[in-house]
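For reference, the structure is listed below as structure tokens.
The values are calculated or read from the model by the stated rules, or taken from the named source; none is laboratory data. Because the structure is a prediction, the values reported are computed rather than measured. FYI the Cβ positions are ideal-geometry reconstructions off the backbone, even for glycines, and counts take in every protein chain you see. These area figures cover heavy atoms from the full protein model, side chains too; ligands, DNA and RNA do not enter into them. Shrake-Rupley method; radii C 1.70, N 1.55, O 1.52, S 1.80 Å.
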Amino acid sequence: MLAHMVSRSWVVFLAKREPDRTAGEAQLALLPVMPTRDLTVARNSFHGCIAVMKERGASKLISLVSFVHVASLGVFVLLLLAIGFIPLIRYVLDAK
């Protein structure tokens with residue numbers, strides 16, 4: 001989760017420094033740099049990162065950090081799913 005927060009802060013910081021922004025970078029530049037618990041900020045940063053990765057004119061560094069941000073969120077969700085399914089898998093494997 002720490003990698004997710006740091007990558008979001010970096011992608012917002014890099015988007016704010018970009019002089020000629022694409023649409024995704026402009027969306028990211030509106031967000032606060034410091035991590036918050038607001039779900040609207042999390043949703044907007046996710047959608048902004050997806051938009052940056054789709055755009056051809058975006059900076060390579062911002063695209064890379066956006067990929068790290070989205071990938072770290074995916075890993076976090078997979079870990080939560082694994083934690084939820086481990087008891088079910090143990091139950092199925094132990095029931096003979």
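Filter segment 51-70 down to residues that are aliphatic (A, V, I, L, M) and in contact with a Leu (Cβ under 9 Å, 6 or more places away or on another chain) and give me whichever is surrounded by the most Cβ atoms within 10 Å (Cβ to Cβ). Only one residue tops the list, namely Val52.
In the set (1) aliphatic (A, V, I, L, M); (2) at pLDDT below 85; (3) more than 11 Å from the chain's Cα centre (by Cα), Ala82 fails one condition alone, (2). Residue pairs whose Cβ atoms lie under 7 Å apart, separated by 6 or more positions or on different chains, with the first residue in segment 27-53 and among the aliphatic types (A, V, I, L, M) and the second open to solvent by 70 Å² or more (accessible area, probe 1.4 Å), are Ala29/Lys16; Ala29/Arg21; Val33/Phe13; Ala51/Ala23; Met53/Phe67. When segment 30-41 is filtered for residues that are part of a helix (DSSP H, G or I), surrounded by fewer than 16 Cβ atoms within 10 Å (Cβ to Cβ) and of a type outside the set (Ser, Thr, Tyr), only Leu39 remains. The set of residues from segment 9-28 being open to solvent by less than 60 Å² (accessible area, probe 1.4 Å) and in contact with a Gly (Cβ under 9 Å, 6 or more places away or on another chain) comprises Val11, Val12, Ala15, Thr22, Gly24, Glu25, Ala26, Leu28. Here Arg56 passes the criteria (1) closer than 30 Å to Phe13 by Cα; (2) in a helix (DSSP H, G or I); (3) more than 16 Å from the chain's Cα centre (by Cα) except the one numbered (2). Of the listed requirements (1) closer than 22 Å to Leu78 by Cα; (2) modelled with pLDDT under 85, His47 misses just one: (2).
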